[in-house]
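Q: I have a structure I would like to understand better, so I am pasting it below and will then ask my questions one at a time.
Taken together, the values in this text are just the output of simple stated rules run on the coordinates, not laboratory data. Computed from a predicted structure; not experimentally measured. Here the Cβ positions follow ideal geometry from the backbone for every residue, glycine too, while neighbour counts run over all protein chains shown.
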Amino acid sequence: MEKPIIRLVTCGSVDDGKSTLIGRLLVETDSVPDDTVDAAKSVRRSGSTIKAGDIDFSLLTDGLEAEREQGITIDVAYRSMNLLNGRRLIIADAPGHEQYTRNMAVAASRSDFALVLVDATRGIRTQTLRHLTICSLMGVTKIAVVINKLDGVGYSEQVYKDIQEGLKETIERLDIKNIHFVPVSALAGDNVVYGTENMPWYDGPTLLEYIQEWDVEDKGENLPRLNVQMISRAENFRGLAGTIVGGKFAVGDEVAVLPSKKTAKISQIATFSGDLKEAEDGKAVTLVLEPDVDATRGDVIELADKASLPADRFAATVVWLGETDLIHSKSYFLISGSTQIPAIVTNIRHVLNINNGEHDAARVLKTNEIGVVELATDAPVALIPYKQNRFKGNFILVDRATMNTVGAGMVKHSLRRSANVSEHHYDIDRDARAGQKNQKAKVIWLTGLSGSGKSTIANALEKELFSLGMHAYVLDGDNMRLGLNKDLGFTREDRAENVRRVSEVAHSLYDAGLVTIVALVSPYAEDRAQARALFPEGDFAEVWVKTPAEVCAERDPKGLYKKAAAGELPNLTGVGQEYEVADSAELVIDGTGLVDESVELLIEKFFS
Amino acid sequence: METVISSPSVLEALENESIEIFRETAAAFRKPVMLYSIGKDSSVLLHLARKAFAPGPIPFPLMHIDTTWKFKEMISFRDETAKEHGFELLVQTNHDGIKDGITPFSMGASEYTRIMKTVALRAGLDKHGFDAAIGGSRRDEERSRAKERILSVREPGHRWDPRSQRPELWRTYNPRLAPEQTMRVFPISDWTELDIWNYILQENIKVSPLYFAKERPIVWRGSQMIMVDDDRYPLKDGETPEIRRIRFRTLGCYPLTAGVDSDATTMEKVVKEVTELKLSERATRLIDGDKEDSMEKKKTEGYF
């Protein structure tokens, strides 16, 4: 299959002569405007040894002002280059210095091919192994190892062979099948676009020849899929607009809408220029289904008899891009195609040592680390293994507070727990149970510092509700930690898991029709928001028991503040750890006031 | 070495990618807008938007930042195009700037651009509460643009921070916004200038007549030919415009946009000329020559 646009990632650092190599490729294929070339003849960075009047090729690709000052490339840049036979090469130039993993992953994610630069004067370095590892991981299966600066080692065949030999083991371990070695001098122009007399021992293609000969292999998986981006409406028209990924759809195909699994036939493939009988990978179309089954943005259309099985649990490799660590139990937005859904990392299996391929144990993933994790999404999504198709098996993780893209994920496989444990629906529902007790089920979530008075208020509230003939139950954080949560500590991650478990228990009690009173420090706004998300609006009330830290420390009913002061309790909220104020609370109670007044306030607000 | 430029299959692939980005923007944002500058890139952008949403209408308005110094033929073309395709057209002008007497002659080109274009653009986006603005920038235009994302976040105040761009992987775009952030979206990032021209030719897209050679009144400013489009242009003592057969490779404010000698009266001839000339289009626009890296500076302030 011939793709009109080939995407190429270049890996290496400025020291390897990468910018010079790309600059020369661009200039010698007429892909740079003349005035830009002229500028590269006159402008010089300080310390440059390139003769005035010669082109400083590296100036053509180094982009931003700050980077040029430092003489390094710090962000991925994209360049277009025309090839013979009418194809287009888009080069993603990945910087080799700091942030290498993150930038390389970005550049490699869409690339079909990779150029991995090795400086012949320095030989194989750790970064070469990293580059190969990341390329292999991101699914770049064709690689040219460009051994540069051979002019600096007298065009020695031995140096070339040593490097080839030295990479053999890594290449075998990573199972890279399509790899080629090209000896070049980017500076002198040997073997880049034009051949050379300087290396008579090499009779292979020049780098450009090699790139042009490359063809994108048709991989095994070629089933069509359409990510529904939007519903297209016009007079007497309702269609599903999206881009086809993977294979070919034709009018008359029996398709399934995922995750709902409703089936229909394609009755029309509409485009601006007229209807098509069939459309394949990469084509942006609008599908009309017959019957017009319910489908919405984020749904996926596949052939009905070969539809993938949506799942809500996955094992995935994640490249961590965020500045703050990935922690399990924290909720992120998972975005894949047009699907956006909350997801939590339930387990970090290991972190990959990208220098030697070994798996190390880890509790968190830090910036630039790559790990294998397990994820749970809020609802089933149709992701398939990345190895089968990178555009159907990728996702990004987005931090819910900053909305930054913090993780790049590649699905290994779905964990079929959700398929084995399907939700059981009972005939008697929550409303029936609550109705029998003459009440409405709800959750009152008391949050605040240790010693703020949560448990006291919870206890008094239950007594009051009891006397009103209602059925309530108190879930107390301390009591929970004696049983269900006794394996948890007080780190950020463990607190998140603590809140998650308590909120799930609260949900069961709520479902039983009870008024559930939770008394839990729950210091992080995000964790509380996640608990809230389990319940229908109006049935969950966050109540902040607001008591100054000094008052809590003075009360100190459990002696915790004394311990903290003595340095025995580093994670006490309000002392060693922060309490994030409850801005979203439905009610704020002054914890220094009288308990009876607090209860009265609660009854008035939520039970009358 | 003979290279084939902008083959139909490349243009088709680029078109499909752009449509995907258009649809994603229309569906994922609360209130998007498309910036319409009347130039060739905007004409292609408009054509792609029509393709993306057919048979439905373009689901967002188009906004033109009018400095009041545009070529007259640009404004008439703009209004005709809006009428022909029936899209909602918003026009935004920095009236305070005009009141303060700001013209292309009262100050340096880059400060003029900042006040009349960047400030007006920010005000227009704020006024209507747009959370995403679609623009026609391309990565081949200029070096700092080579690193810009397709979905590019703007911090409060529309600032662009090149140091904290979101990583963009695969074709998976992150359209989520934190409070007060907005998004700029560049659906034709991967297109080159020659792709634009060849696509206009292939698709028979209407562009402003200013792109075609015609006898026009010009004066020389340095080595640049400036068309005297109205009587606001300050002529030197005794200077009379000369009539010369010129066309424009880019469009903007007429006192800041130089023409080139040309006989290209049809799109075929324009494409042939552009292909042969291969001089960076922005070299004919005066503002970018101000200082190296001026584009990056303007962008950090909120310019497109």
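Q: As a test of the formula, what do you get for chain A when each DSSP H run with n ≥ 4 contributes -39,500 (n - 2.57) and the sum is divided by the residue count, at 222 nm and rounded to the nearest 500 deg cm²/dmol?
A: Numbers: 17 runs with 155 residues, N = 608.
Estimated from H runs of four or more residues: -7000 deg cm²/dmol.
Q: On to the next question. Grab the eigenvalues of the alpha-carbon gyration tensor for segment A:281-363, scale each by 5, take roots, and send me the semi-axes largest first in whole angstrom. Mind showing how you got there, number by number?
A: Working: eigenvalues 241, 47, 34 Å².
Whole-Å semi-axes of the equivalent ellipsoid: 35, 15, 13.
Q: Further question: Among A:188, B:19, B:110, whose Cα lies farthest out toward the positive end of the dipole of the protein assembly as shown, if unit charges sit on the beta carbon of Lys, Arg (+1) and Asp, Glu (-1)?
A: Of the candidates, B:19 comes out farthest on the positive side.
Q: Quote the convex hull volume per residue of segment B:120-237, based on C-alpha atoms, as a whole number of Å³. Display every interim value, and only then the final one.
A: Numbers: hull volume 23.8 nm³, N = 118.
Per residue, the Cα convex hull of segment B:120-237 comes to 202 Å³.
Q: Also, I was wondering about something else. Going toward the positive end of the dipole of chain A, with +1 on Lys and Arg Cβ and -1 on Asp and Glu Cβ, which of A:226, A:212, A:127 do you reach last?
A: After comparing all options, I get A:226.
Q: Dividing the convex hull volume of the Cα atoms of the protein assembly as shown by its residue count, what figure in Å³ per residue is obtained?
A: On the way: hull volume 188.4 nm³, N = 912.
That works out to 207 Å³ per residue.
Q: Here's something else I'd like to know. Placing one identical point scatterer on every Cα of chain B and ignoring solvent, what is log10 I(q)/I(0) from the Debye formula at q = 0.15, 0.16 Å⁻¹?
A: Treating every Cα as an identical point scatterer, log10 I(q)/I(0) equals -1.31, -1.51.
Q: Let me ask you something else. In percent, how large is the relative contact order of chain A, given Cα pairs closer than 8 Å and 6 or more residues apart? Intermediate values should be presented prior to the final figure.
A: On the way: 1237 pairs, mean separation 53.5, N = 608.
Rounded, it is 9 percent for chain A.
Q: What's the average, rounded to a whole number, of partner chain beta-carbon atoms within 10 Å of each residue's beta-carbon in A:281-288?
A: Other-chain Cβ atoms within 10 Å of each residue's Cβ, averaged: 4.
Q: For residue A:486 and residue A:440, what is the calculated FRET efficiency with R₀ set at 41 Å and r taken between the beta-carbons, to the nearest 0.05?
A: Numbers: r = 33 Å, r/R0 = 0.80.
Using R0 = 41 Å, I get an efficiency of 0.80.
Q: For segment A:311-416, with only Lys/Arg (+1) and Asp/Glu (-1) charged at the beta-carbon, what is the dipole magnitude about the Cα centre, in debye rounded to 20? The partial results should precede the final answer.
A: On the way: 11 positive and 9 negative charges, 68 e Å.
The dipole magnitude comes to about 320 debye.
Q: Write down the Kirkwood hydrodynamic radius of segment A:311-416, to one decimal in angstroms, obtained as one divided by the mean of 1/r over all alpha carbon pairs.
A: After inverting the pairwise mean of 1/r, the radius is 13.4 Å.
Q: Let a ≥ b ≥ c be the square roots of the eigenvalues of the Cα gyration tensor of segment A:225-306; is it rounded (a/c under 1.5), or, if not, prolate (a/b larger than b/c) or oblate? List each step's numbers first, then the result.
A: Details: a/c = 1.35, a/b = 1.10, b/c = 1.22.
Rounded, since a/c falls under 1.5.
Q: Which of rounded, prolate or oblate describes segment B:1-136 when judged by the alpha-carbon gyration tensor and an a/c cut-off of 1.5? Show your work: numbers first, answer last.
A: Details: a/c = 2.02, a/b = 1.48, b/c = 1.37.
In terms of gyration-tensor shape, prolate.
Q: While we're looking at this one, here's another question. Report, in debye and to the nearest 20, how large the dipole of segment A:437-606 comes out about its Cα centre when Lys and Arg carry +1 and Asp and Glu carry -1 on their Cβ.
A: Numbers: 19 positive and 28 negative charges, 83 e Å.
The calculated dipole for segment A:437-606 is roughly 400 debye.
Q: Please list the helices of chain A that count as membrane-span-like by this rule: a mean Kyte-Doolittle hydropathy of at least -0.5 together with Cα atoms stretching 27 Å or more along the helix axis, each helix being a complete DSSP H run. Could the numbers behind the result be given before it?
A: Values: long enough: A:492-511 (28 Å, -1.26).
None clear 27 Å together with a mean of -0.5.
Q: If you don't mind, another one. Please compute the Cα-Cα pair-distance distribution of segment B:195-277 with 5 Å bins starting at 0, giving whole percents from short to long.
A: It works out to 3, 14, 25, 22, 16, 10, 6, 3, 1, 0, in whole percents.
Q: Here is a further query. Between residue A:306 and residue A:278, how high is the FRET efficiency from 1/(1 + (r/R0)^6) when r is the Cβ-Cβ distance and R₀ = 25 Å? Nearest 0.05.
A: Values: r = 16 Å, r/R0 = 0.65.
Approximately 0.95, to the nearest 0.05.
Q: Stretch residue A:168-residue A:355 to full length: gain in nm at 0.36 nm per residue minus the Cα-Cα span?
A: Details: separation 187, 0.36 × 187 = 67.32 nm, distance 1.45 nm.
65.9 nm is the gain from fully extending residue A:168 to residue A:355.
Q: How large is the dipole of the protein assembly as shown about the Cα centre if only Lys and Arg carry +1 and Asp and Glu carry -1, each at its Cβ, rounded to the nearest 20 debye? Please report the intermediate quantities before stating the final value.
A: Working: 115 positive and 138 negative charges, 130 e Å.
Using only the charged Cβ atoms, the result is roughly 620 debye.
Q: Moving on. Computed FRET efficiency, Cβ-Cβ of residue B:204 and residue A:28, R0 35 Å: what is it to the nearest 0.05?
A: Values: r = 34 Å, r/R0 = 0.98.
My answer for the efficiency is 0.55.
Q: Shape call for segment A:517-608 from the C-alpha gyration tensor, a ≥ b ≥ c root eigenvalues: rounded (a/c under 1.5), prolate (a/b greater than b/c) or oblate?
A: Details: a/c = 2.85, a/b = 1.48, b/c = 1.93.
Note, shape of segment A:517-608 comes out oblate.
Q: Another one. If you build the Cα gyration tensor of segment A:437-606 and take the root of 5 times each eigenvalue, what three semi-axes come out, in whole angstrom, biggest first? Please list the in-between numbers first.
A: Numbers: eigenvalues 127, 68, 39 Å².
Working through the eigenvalues yields semi-axes of 25, 18, 14 Å.
Q: Next up: For the charge dipole of the protein assembly as shown, defined by +1 on Lys and Arg C-beta atoms and -1 on Asp and Glu C-beta atoms about the Cα centroid, which residue among A:370, A:335, A:101 has the Cα displaced farthest towards the positive pole?
A: Farthest towards the positive end: A:335.
Q: Using θ = phi - 60° and the Karplus relation 6.51 cos²θ - 1.76 cosθ + 1.60, list the HN-Hα couplings for segment B:205-221 in order, rounded to whole Hz, with x at every Gly or Pro.
A: The phi angles translate into 7, 5, 10, 4, x, 5, 6, 9, 5, 7, 6, 9, x, 10, 10, 9, 10 Hz.
Q: Report, in listed order, any pair from A:546/A:605; B:51/B:206; B:214/B:272; A:18/A:392; A:3/A:387; B:70/B:117 with a Cα-Cα distance greater than 21 Å.
A: Values: A:546/A:605 17 Å; B:51/B:206 15 Å; B:214/B:272 17 Å; A:18/A:392 32 Å; A:3/A:387 19 Å; B:70/B:117 12 Å.
Check vs 21 Å cut-off fails for A:18/A:392.
Q: Measuring from the lowest to the highest alpha carbon on each principal axis, how far does segment A:374-487 reach, largest first, in angstroms?
A: On the principal axes, segment A:374-487 reaches 62, 41, 28 Å in Cα extent.
Q: Suppose a student asked you for the relative contact order of segment A:437-606, using Cα pairs under 8 Å spaced at least 6 residues apart; what percent would you report?
A: Numbers: 262 pairs, mean separation 58.9, N = 170.
About 35 percent, as a whole number.
Q: Sort A:455-464, A:348-357, B:16-25, B:95-104 by packing, meaning the average of other beta carbons within 10 Å per residue, with the highest value first.
A: Working: A:455-464: 19.2, A:348-357: 16.1, B:16-25: 25.1, B:95-104: 14.3.
Result, highest mean first: B:16-25, A:455-464, A:348-357, B:95-104.
Q: Another question, then. Per residue of B:5-15, what is the mean number of Cβ atoms on other protein chains within 10 angstrom of that residue's Cβ?
A: Details: counts 5, 3, 7, 2, 7, 9, 2, 4, 7, 4, 3.
Across B:5-15, the average partner-chain Cβ count within 10 Å equals 5.
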